[in-house]
1. Among residues other than residue 78 whose Cβ falls under 12 Å from its Cβ, what is the net charge (Lys/Arg +1, Asp/Glu -1)?
2. Expected output is a single nm value to one decimal: the length gained when fully extending between residue 60 and residue 94, i.e. 0.36 nm times separation in residues minus the C-alpha distance. What is it?
3. Length gain on complete extension for the stretch residue 71 to residue 138, per 0.36 nm per residue less the alpha carbon to alpha carbon distance?
4. Between rounded, prolate and oblate, where does segment 32-134 land on the alpha carbon gyration tensor, with a ≥ b ≥ c its root eigenvalues, rounded for a/c under 1.5, else prolate if a/b exceeds b/c?
5. Residues of segment 26-43 with amide nitrogen under 17 Å from the 7 Å Cα-to-Cβ point of residue 111?
Amino acid sequence: MNVWRVTIVAAAVLGATLVLAFAADPAGTWLTEEGKATIRLADCGGALCGTILALKEPNDPQTGQPKLDKNNVDAGKRGRPIIGVQIVSGLKPDGVNKWSGDVYNPEDGKTYKGGITLPSAGTIKVQGCILGGVICKTSTWTRS
């Protein structure tokens with residue numbers, strides 16, 4: 001009977017250790033689902049933020065110049081280069097391997113409530129939602 005207790009306690013300790021070990025840090029460099037952009041997730045004043053580091057196609061094919069944030073709903077930001085734009089901001093812990101905040105989509109120029117989850121150390125799911133979370137879109141990024 002004592003052997004079973006020791007085995008059960010050892011299994012519980014090992015399981016707790018694995019759970020704690022997997023409470024991963026999403027900080028680092030990530031490649032978006034379609035491979036269009038490289039994003040750096042880092043601490044920004046106590047919250048996570050994500051900034052575009054590089055684009056697969058950094059120049060606008062029509063102008064030959066660096067791509068701009070031309071779809072931004074704020075007309076004053078449409079002339080800024082898309083590289084360097086923060087697309088994930090204000091992410092705060094919201095459970096194990098989950099952070100909630102804002103997600104900016106440069107393709108439509110809008111910011112959505114959403115966040116990220118870390119299903120594995122090498123994969124992150126980024127989600128943006130409308131209508132209070134009723135309709136959401138999720139993209140899977142891989143660590144680069």
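1. Values: positive: 67, 70, 77, 80; negative: 69, 74.
Summing Lys/Arg as +1 and Asp/Glu as -1 gives +2.
2. On the way: separation 34, 0.36 × 34 = 12.24 nm, distance 3.73 nm.
Using 0.36 nm per residue and subtracting the Cα-Cα distance, I get 8.5 nm.
3. Numbers: separation 67, 0.36 × 67 = 24.12 nm, distance 2.02 nm.
So the chain would gain 22.1 nm between residue 71 and residue 138.
4. Values: a/c = 2.02, a/b = 1.59, b/c = 1.27.
Judged from the Cα gyration tensor, segment 32-134 comes out prolate (a/c at least 1.5, a/b above b/c).
5. 42
Any read-out appearing in this document is the output of simple, stated calculations on the displayed coordinates, not a laboratory observation. All values reported here derive from a predicted model rather than from experimental measurement. Using ideal geometry, Cβ is built from the backbone for each residue, glycine included, and neighbour counts are taken over all protein chains shown.
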